[in-house]
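Down below is the structure, laid out as structure tokens.
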Amino acid sequence: MKVVHAPGELEARPRAVAVGTFDGVHLGHGRVLETALSTAPALTPAVVTFWPHPRTVLGNEVRLLTTLERRLELLAEAGVEETLVVGFTLELARMEPDAFVDELLRPIGTELVVAGADFRFGRGRRGDLATFEELGLSVERVELVPGISSTAIRELVGAGDVEAAARLLGRPAEVEGTVVSGDARGGTLGYPTANLRVDPDLLVPAYGIYAGSAAGHRAAVSIGTNPHYGGSERRVEAFLLDFEGDLYGERLIVELWRRLREERAFASEDELVAQITRDVEATRAAKRPV
């Protein structure tokens with residue numbers, strides 16, 4: 001997929017453009033993307049998305065479902081071939097709707113705008129889909145999928161209900177990070193883990209032990225503070241089943257299939273190891289959602 005960061009980097013041609021933030025690229029977003037890709041065969045499809053998340057720029061705290069890198073990967077998997085990533089700033093937020101169209105959409109040849117029915121843009125969010133039509137663009141309004149939104153998914157993931165979140169995403173919930181050195185305690189217990197450094201803007205699921213996968217292997221995942229050892233710092237650690245190798249410095253995307261249990265302290269290290277063994281067996285038996 002071709003990714004650009006300024007309208008002038010895309011050739012101006014008649015286009016059907018899906019516009020939105022697309023955090024999580026969930027099933028509702030999938031409808032918007034599919035509409036842009038299929039509704040007008042004579043038009044070249046493209047996506048216009050925003051980074052950072054508009055709500056964070058406006059002073060609101062938002063825990064993101066995906067990094068920009070992952071969002072772009074998911075857009076590509078959906079069949080998108082060209083994406084314009086617009087740097088969202090306070091200046092952009094204050095832009096009048098007609099200027100938004102003239103500076104971002106017309107230069108790439110936009111003829112049809114595809115967006116969710118609740119899409120708003122421009123100063124004070126005063127622009128909507130009808131505004132695009134008033135400014136001479138055709139519009140394909142995509143009705144919202146009941147119950148599916150990035151906000152709803154954040155609530156489910158934040159509560160640890162990754163199975164319900166998967167039904168709204170259309171794929172397993174994920175946590176992404178870079179593998180860094182940890183305490184190496186898992187190796188001494190016979191279960192070496194990949195310790196993830198997670199972007200502070202990303203949503204991390206509720207503390208607990210999860211079954212999932214990473215790097216093509218099933219993974220038993222611990223999210224929490226390691227209370228058995230009196231920890232206080234949040235850790236995200238994945239034990240990859242049947243894996244041998246060095247992941248240090250690698251970007252790792254961990255799918256979370258099912259929450260197995262809460263984290264807790266144990267009466268002894270033997271009891272801890274016995275529980276980890278049970279967690280690994282539960283991970284072997286777990287089924288990938290959707």
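For region 152-164, putting each phi into the Karplus relation 6.51 cos²θ - 1.76 cosθ + 1.60 with θ = phi - 60° gives couplings of 4, 5, 4, 5, 5, 5, x, 8, x, 8, 6, 5, 5 Hz, in residue order, rounded to whole numbers and with x for Gly and Pro. For residue 160, nonlocal amide neighbours, meaning residues 5 or more places apart or on other chains whose placed amide H falls under 5 Å from its own, are 206.
How many nm separate the modelled label positions at residue 199 and residue 229, each set 7 Å beyond the Cα in the direction of the Cβ? Between residue 199 and residue 229, the simple spin-label model gives 2.8 nm. As a rough guide to protection, the peptides 3-14, 18-29, 254-265 ranked by mean Cβ packing within 10 Å, highest first, stand as 18-29, 254-265, 3-14. With r defined as the distance between the Cβ atoms of residue 56 and residue 102 and R0 fixed at 25 Å, what FRET efficiency is calculated, to the nearest 0.05? Given R0 = 25 Å and the Cβ-Cβ separation, E is 0.45.
Round to a whole number: what % of the accessible area of region 234-290 belongs to carbon and sulfur, probe 1.4 Å? Carbon and sulfur atoms account for 44 percent of the accessible area of region 234-290. For residue 95, the residues whose amide H sits under 5 Å from its own are 123, ignoring neighbours fewer than 5 places away on the same chain, with H placed 1.01 Å from N. Extending 7 Å from the Cα toward the beta-carbon at both residue 217 and residue 94 defines two label points whose distance is 5.3 nm. Only protein atoms count toward the accessible area here, which uses a 1.4 Å probe; on region 50-184, the carbon and sulfur part of that area reaches 47 percent. Computed extension gain for residue 151 through residue 12, at 0.36 nm per residue and net of the alpha carbon distance, reaches 46.6 nm. Here each label is just a point 7 Å from Cα along the line to Cβ, and for residue 144 and residue 267 those points are 5.1 nm apart. Surface exposure of region 221-290, expressed per residue as accessible area with a 1.4 Å probe, stands at 57 Å². When the Cα gyration tensor is reduced to axis lengths a ≥ b ≥ c, the ratio a/c is 1.5 or higher for region 1-101, and with a/b not above b/c it is classed as oblate. Our estimate of slack between residue 285 and residue 39, defined as 0.36 nm per intervening residue step minus the Cα-Cα distance, is 84.4 nm.
For the options 72, 92, 33, a Gaussian network treatment of the chain with springs between C-alpha atoms closer than 10 Å singles out 92 as fluctuating the most.
Rounded to the nearest 0.05, what FRET efficiency do residue 5 and residue 243 give with R0 = 41 Å and r taken as the Cβ-Cβ distance? Could you check?
0.70
Rg and Dmax over the alpha-carbon atoms of the chain stand at 21.6, 70 Å.
The values are calculated or read from the model by the stated rules, or taken from the named source; none is laboratory data. The structure displayed is predicted, hence computed values, not measured ones. Don't worry about glycine lacking a Cβ; one is built from the backbone with ideal geometry, like all the others, and counts go over all protein chains shown. Surface accessibility is based on the protein's heavy atoms, side chains included, excluding ligands, DNA and RNA. Shrake-Rupley method; radii C 1.70, N 1.55, O 1.52, S 1.80 Å.
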